[in-house]
Structure formats: structure tokens, C-alpha cells
Amino acid sequence: MTQDDILVQEQEEIARQKVIEIIANNPRCHKNADDEQRIRKAFELANEAHRGMRRKSGELYIFHPIAVAKIVAEEEGLGATSVISALLHDVVEDTNITLEDLESVFGPKVATIVDGLTKLEGVFDQTASMQAENFRKLLMSMIEDVRVILIKLADRLHNMRTLASMPEHKQYRIAAETLYIYAPMAHRLGLFAIKTELEDLSLKYEHPHEFQAIADKLKGKETDYNNIIESIAQPIRERLNAIGFEYDIKARTKSIYSIWRKMKNKNIPFEEVYDILAMRVVFKSKEGMNEKNQCWDVYSIVTDLFKPKPDRLRDWISSPKANGYEALHTTVMSPSGRWVEIQIRSERMDEIAERGLAAHWKYKEDGKENEIDNWIKSIREMLEKAESNSLDFFDAFKLNLFASEMMIFTPKGESISMPIGSTALDFAFEIHTNLGYHCIGAKVNYRLEPLSYVLKSGDQVEIITSEKQKPKYEWLNYVTTAKAKACIKELFREERKNYIFMGEEILTQELQKRKLTITARILLKLKRTYHVSSKDELYFQIGKGTISLDNIEDALTMKTENKLVKIWKLTFGKSSSSDDDSDDETDEELDENANKKMPKGKNVILSDESETRRYTIASCCNPIPGDDVVAYVDEDNTMILHARRCPVAMKLMSSRGDRIVSAQWESHKVLSYLAQIELAGIDRKCLVSEVTKIISQDENVNMRSVHFESHDGVFTGNIFLYIYNATDLQLLIQKISKVKGVDRVSRKDRSEDNDFMRDMQEYTSF
Ligand code: MN
């Protein structure tokens, strides 16, 4: 035996010991000798199969499945079947072992779960939406056996914990995907601890400096925080002891990711995030006494001692959150003048809050469906409706994940939970597809309202239908739930295809009159002129008549070079052809070029004077030179630049990673880019003119618009300006901040205005 073989043997022995520890630490894994035996057998099989394989970090591969099994057993509290599946989760994908092999040794359950965790073949192809397709498969398996998703989350968690050994461009992609889909999923399943860790790890790789800065600040304030918590905990302990409660008081700070999110959303510094501290009172429910009442008992003790913030009482015990969470939250003022959130829970509620789904089943009343069951049911419906290869599905699922819930009542008083923002029409579809299709309006609390009416929690809703009513395409504007959208879209999919076909015909004829044919160049111009995002949408609207081609002449002669929407050129790799923009090139040729020339894992260099490629600036996030950017190559082979932290970019990285290339700016001093700054402060005479003088005279920067407003001596301002790069902008901001009266100046990121961010805000609390 060589030195190496001996080392490997030693490592394998360490791995074996780890498995024995996992079994010993979880009572559900050694309930009977048989389970224990099966777990050991799974380890031996996985170890054999992965022998000779190593992870990027250099350690033996087998340590990965073991780490996943450990998370499954210890952090999710799952039993033997899950531990076995976790140990075997990569063998079918990466080794010669087949599903049939697993089935014959471990039975059909394990085989089904591992199948669900195995990616579809050909995942490494750069074709269409493999990521979305794989994700769909994962969900299909999840509705069969929910343990699939719990093990997948454990797998992702371990990969995130060890992400440092991956190359940088992969780190971004994996971190973005984690933040976009896996963390929300953990949240939706009630796995609070895992969700928080996934978010923090993603942030650490996406924005290492910002992550570190917040971590350092938290560390620096540790003593302060402890003192504040103690000043509140001490009196509460005395009172609880006096009336014989058994309890545990834990303190925690808001997670780094939540703090970061809040700073970004509200555009405030760390010091102004007021709800950083939280305290938890977890009590042991007294035998034969009502848990809810005991929560309120603790609540009244707390609020006797400390003044609560009136609008911050959250009662999740009368109606638990959709992910099963139960607790009572209040925010009180500490003696030193800081707000501290206090969460009151029983031990049972605490276990559900930390472990979510797994704990849920432990307490589930037999035969009774809970919120999680309902959720899985809704995923099943969604899977049945959505087209198999569609990105729509990804969006629909995402929507479903973020929705925060409200209670709506039927005329008979039955309560149905709906996402916030749902309309009467959503509600109709929620109850029954046919009710949706024939809905003409609703009585909300006995008052007649249109079907677009936005419901509020607690509304009682009666749907009014008519046999004559038929769904309309515009309804898509009135619905927000994934279910309603899927129902309406399904109905119109066929119709839409017809319109698209007609639209293409009409356009072809129009162009023929001018001796032209449809080319990529012409399509680009038309899309710009009519503000549509894709070729199909253009045809559809032409076919339907919402776009009339009356002014097609203007569109065709339009210059694509203007100040805001530019087509620039850039180079990457070795680019052979220089005629991408020529008028006689067809779509197909462009697509083919896209595949051939998609630079893989390479950095695109963005410079002013490069020659052969075009790119545009995404209007959602408006990056400027110097910002961290990624480029998305769209179907027309145009590069669209997004800020790396733009939610749209994160979504694209998660669903269409194959079309993302990382990009880097060269120094820019030729072209200028639109940016927006926001400022606020104490109003005084001449302030506006001083600020604008710095911008236009001292710094020689062009402004597009200036808007100032003043109320009771306090002003806010918004300035749009054309700037070369992020460094220049930073310098300008520093200069303006020195103007007397100016309290705060910052660059405004427009991506924060969109819906996604609002949803994120909803869902990131403690
Ligand atoms: Mn894995």
C-alpha cells in the first residue's frame, strides 16, 4: 500500500466515525437495530461508490454526503430514511450506481427520494432553461415526498458553507440562486435557522465587504447589546419566577442579511436600524392549561414592566403564519431608550419556529390538513397547469413563495388564506376555476365591488357570476396569485398562438410593400418603438391590433443611437465577424452565433471604443461603469447589463445561468450614463443653486432633471445626471454632502422600487 492509500484509509475511518455519531445523536436513527444497520450500509455503499473522488477543496468526496446527512438528522430532525437518502444523494448522478440498485438494497422510498435529488441528464448542456427544468423536477418529487426538498436544502446549505473553494464566477451564480429560490423556500417551509444561514452566506459571497462591515459593527456593540437585554430580562425573570413559570430567555440580533436588506431598502446607515435586538421568552406549557392564554399572561407581564410600541403587536397565535409559525410579538422600550422586540412562545411553538416542517408533523393532529399540506397541494395544482418548459412556472412558483398571507372569509364564514394584494378575482379562482371564469364582480362585506377590487384581511367575500361572462386577456392585470394567472394564461395560450401567427403575417406583408423582409435589426427597432420586450409579444400585439403599423415608417427610419437607449459595441474573446448589425442577417443566424460565441465563464470587458458587440443598460437597475455588473445575452444576442445585486439579474442567474456572462468595465471617460441621486436636509436659501452649481459648473456634469421639495423647513431632492463612472459619482456625492444644510446624499438604485423588493421586505423580519 502506498502512503496515499494509507492516508485515504485513515480519512475513511474518520468518515465512518462521523456516521456513528450521527446515529448516536438522533434517537430517530437508532430506534431499532435495523435502522442503524441500514444507515451503516448506506454509508459503506456511498463510500465505495465515491472512492477516488474529491471535492474542490481536496477533501474526500464522502465527507459531503455525510455533512448533508448530519444537517438532515441534527438541524432538521429527520429520521433514518432521510439520513440514508442523504448519504446516497449524489451516487446516482456521479457514480455507476443506478436507482434500481438502490431500490433493491434500500427499498422504493429511498430510491424515489434519491431520484428526486438527481439532476436531469444533460444538465450541463447550454440549452434553454435546464435550471428551470431541473427545478421543476425537484418540485414534482417534492409533492410525492416532501423529504426530497428538505434534503435538497441540507445539500445546498453544505455547498454554501463550503463555497469558498469554488471559482469566483460560480460563487456568484450559486449565491444568487440560493438567495433567489432556496432561502425563500426554507422560509416557506418554516426552516428559520436554515433560511437565515443561507441568506447570510449568500450575502457573504455576493458582497463580502458590506457583509464584513456589518459583522464588525455587531461585534463592536456586543457588550452594549448584552446590557440592554439584561436590563429587560432581569425584571421579567423576577415576575415569571414569582408565578411559577418554567421558561428560557434567549437574546439574538437581527441577521446580517436582514440588517443589510433594511439598510438598502430604507437607504439608512447601520446606526439607524432600530430593531436590531430581539429577545425570546420560551415557556414550558403548564399541564392542563391553555397555551394561548399563557402567552397572553406572559405578554401582560412584559407590557406591565415596559412600554410597548403601540403598532408593533403581532398575534401569530390566533392565526398562525402560512408556514406554521406561531408566536406573540411585541416591541418594548428598554430603560436606556432602545426598542427591543420580544417574542413569546411555548416550547412547542419554538420547535416549529426553528425546525418548521419536520416539527410540524410531530404535532400534527391525525387526518387534519395543515397550512403546509395546503401549500403542497397548491404546488401540485401549479405543476399540473404550467407548461413543462416554461420560465413562467419559475415565476409563478416564486410568487407563491413570497406571498404573505391574509384571511378572507366565504359567505358561510369559512376562512381561506390568500396572499396580500389578492383581488376579488383571485379569490374566485382560489375557490374554483369555473367561479373565476364566470366572475363578474363580488360583494365584499355586503357591498358590490368590481372584480379588480383589492381585498383586505378579514373581508367577507361573495363572488357574483354570470353564465354569459367570459375571461378576458386584460384580467391578467387584475390577478396576482399564481393559480389565477395560470388558469387565465392556459385559456389564452391557444388564442395567443393564433394572434402571434397573424401578427407575423401582417408584418411580413407590410414589409413586403417596402421590399423588406423581417430581420433582427428591424425587429430590434420595432421592439424599441412599440416598447415590447420580445418578438412574440410584438407579433401578438400586431395580430391583436393593439399595435397598428401606421407609423411603421418612423420606426424603420429611427436611429437606434440616442442618449438614453444606446447600442454600444464591445469585445470579448476572439470575435470573427463584424457584420452582426448588417440588415440582411436573419434571426436564425444570430441565434447560432449566440451559441457559438457565448463566452463561458469568461469576463467580458466593457470599453468605450470596442467594435463588434452590442450591449444595452438594463433600465431596472441602471448600472454605470464601475458598478459590479453581469451581462445577460438575450434571444437577439444583445447583451443587457445589470447591476450584480439587481433582483432581475438574480432571477436570471437562477433561471438562465447559461445566458449570463460576468462583465467588467474598463475606465470610462467617453460615454456618459444616467444615474440618480437623492438628497435630504434642512432647507435654506440658495441651497438648490449651490448644489446645482457644484454639479454643473465645478464638476462639469450634465443634469437631466432636478426636483426639490420642501416641507416645514426640511427638503428632499432628486437629481438625474449623466456621469462617466461610479468613482466620479462617489466624488460628486462627497462634495454635495459638504454643502451646509445637506444631511444625506446617496445614489438611488431604481431596482429598489420594484415589486420584488417590496415582497422581500415583507418576508425579511426576524
Ligand atoms: Mn450534493
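The values are calculated or read from the model by the stated rules, or taken from the named source; none is laboratory data. Owing to the predicted nature of the structure, the values given are computational and were not obtained by experimental measurement. Every residue, glycine among them, receives a Cβ derived from its backbone with ideal geometry; neighbour counts consider all protein chains shown.
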Within segment 142-163, considering residues that are away from the ligand (no atom under 15 Å from the Cβ) and without any contact (Cβ under 8 Å) to a residue 60 or more places away in the chain, the one farthest from Lys70 (Cα to Cα) | Glu144
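This table checks each residue for (1) within 16 Å of the ligand (Cβ to nearest atom); (2) charged (D, E, K, R); (3) more than 30 Å from Glu354 (Cβ to Cβ); (4) touching a residue at least 60 places away in the same chain (Cβ under 8 Å).
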| site | (1), (2), (3), (4) |
| --- | --- |
| Ile22 | no, no, no, yes |
| Asn25 | no, no, no, no |
| Asn32 | no, no, no, no |
| Glu36 | no, yes, no, no |
| Glu59 | yes, yes, no, no |
| Ile84 | yes, no, no, no |
What are the pairs, 6+ residues apart or on separate chains, where a residue within segment 533-549 that is within 15 Å of Gln509 (Cβ to Cβ) has its Cβ under 7 Å from a residue that is acidic (Asp, Glu) and assigned to a helix (DSSP H, G or I)?
-> Tyr539/Glu504; Leu549/Glu510
Surrounded by fewer than 15 Cβ atoms within 10 Å (Cβ to Cβ), closer than 30 Å to Glu272 by Cβ and modelled with pLDDT of 80 or more, is that true of Ser318?
-> no
Taking segment 246-263 only, how many residues are farther than 17 Å from Val273 by Cβ and either surrounded by 15 or more Cβ atoms within 10 Å (Cβ to Cβ) or not assigned by TED's automatic domain parsing to the domain that holds Arg280 (or both)?
-> 2
Which residues, counting only those in segment 201-236, are in a loop (DSSP other than H, G, I, E, B) and basic (Lys, Arg)?
-> Lys221
Residue ID - modelled with the highest pLDDT, chosen from residues in segment 116-155 that are acidic (Asp, Glu) and surrounded by fewer than 17 Cβ atoms within 10 Å (Cβ to Cβ) | Glu144
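Test Lys559 against the stated conditions and say whether it is at positive phi, more than 37 Å from the chain's Cα centre (by Cα) and either assigned to a loop (DSSP other than H, G, I, E, B) or modelled with pLDDT of 90 or more (or both).
Against the criterion (at positive phi, more than 37 Å from the chain's Cα centre (by Cα) and either assigned to a loop (DSSP other than H, G, I, E, B) or modelled with pLDDT of 90 or more (or both)), Lys559 does not qualify.
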Could you please find all residues in segment 61-82 being outside any helix (DSSP H, G or I) and within 13 Å of the ligand (Cβ to nearest atom)?
-> Tyr61, Ile62
Taking the residues in segment 393-413 that are within 14 Å of Ile463 (Cα to Cα) and of a type outside the set (Lys, Arg) as candidates, determine which candidate is modelled with the lowest pLDDT.
-> Gly413
Quick one: is Asp304 out of contact with any strand residue (DSSP E or B) (no Cβ under 8 Å at 6 or more places or on another chain), farther than 20 Å from Tyr247 by Cβ and not polar (S, T, N, Q)?
-> no
Got a sec? Which of Glu168, Glu206 is more than 16 Å from the ligand (Cβ to nearest atom) and in contact with a Leu (Cβ under 8 Å, 6 or more places away or on another chain)?
-> Glu206
Residue set Glu100, Glu93; condition surrounded by fewer than 18 Cβ atoms within 10 Å (Cβ to Cβ), in the same structural domain as Val19 (by TED's automatic domain parsing), more than 15 Å from the ligand (Cβ to nearest atom) and farther than 30 Å from Glu351 by Cα; output residue Glu100
Just need a number here: residues in segment 38-57 that are closer than 15 Å to Gln17 by Cα and within 12 Å of the ligand (Cβ to nearest atom).
-> 1
Which one of these is over 27 Å from Ser319 (Cβ atoms), exposed (fewer than 14 other Cβ atoms within 10 Å of the Cβ) and among the hydrophobic types (A, V, I, L, M, F, W, C): Phe501, Phe492?
-> Phe501
Among the residues of segment 491-545, which ones are over 30 Å from Cys620 (Cβ atoms) and part of a loop (DSSP other than H, G, I, E, B)?
-> Arg514, Lys515, Leu516, Thr517
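Matching residues to (1) surrounded by fewer than 16 Cβ atoms within 10 Å (Cβ to Cβ); (2) of a type outside the set (Val, Ile, Thr):
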| residue | (1), (2) |
| --- | --- |
| Glu197 | no, yes |
| Leu201 | no, yes |
| Lys204 | no, yes |
| Pro208 | yes, yes |
| Ala215 | yes, yes |
| Thr223 | yes, no |
| Glu238 | yes, yes |
| Gly244 | yes, yes |
Starting from segment 699-722, take each residue that is closer than 14 Å to Arg684 by Cβ and touching a residue at least 24 places away in the same chain (Cβ under 8 Å) and list its partners that are of a type in the set (Phe, Trp, Tyr) and surrounded by 13 or more Cβ atoms within 10 Å (Cβ to Cβ), counting only C-beta distances under 8 angstrom and pairs at least six apart or across chains.
-> Phe715/Phe708; Gly717/Phe708
Could you tell me whether segment 455-464 includes any residue that is surrounded by fewer than 18 Cβ atoms within 10 Å (Cβ to Cβ), closer than 17 Å to Ser422 by Cβ, among the acidic types (Asp, Glu) and out of contact with any Cys (no Cβ under 6 Å at 6 or more places or on another chain)?
-> yes
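So that you can scan it fast, the table gives a plain yes or no per residue for (1) in a helix (DSSP H, G or I); (2) of a type outside the set (D, E, K, R); (3) farther than 30 Å from Ser415 by Cα:
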position: Lys250; (1), (2), (3): no, no, yes
position: Met279; (1), (2), (3): no, yes, yes
position: Val282; (1), (2), (3): no, yes, no
position: Lys292; (1), (2), (3): yes, no, no
position: Ser318; (1), (2), (3): no, yes, no
position: Glu341; (1), (2), (3): no, no, no
position: Met349; (1), (2), (3): yes, yes, no
Say we look at segment 479-489 and pick out the residues that are within 23 Å of the chain's Cα centre (by Cα) and of a type outside the set (Val, Ile, Thr); which of these is surrounded by the fewest Cβ atoms within 10 Å (Cβ to Cβ)?
-> Lys483
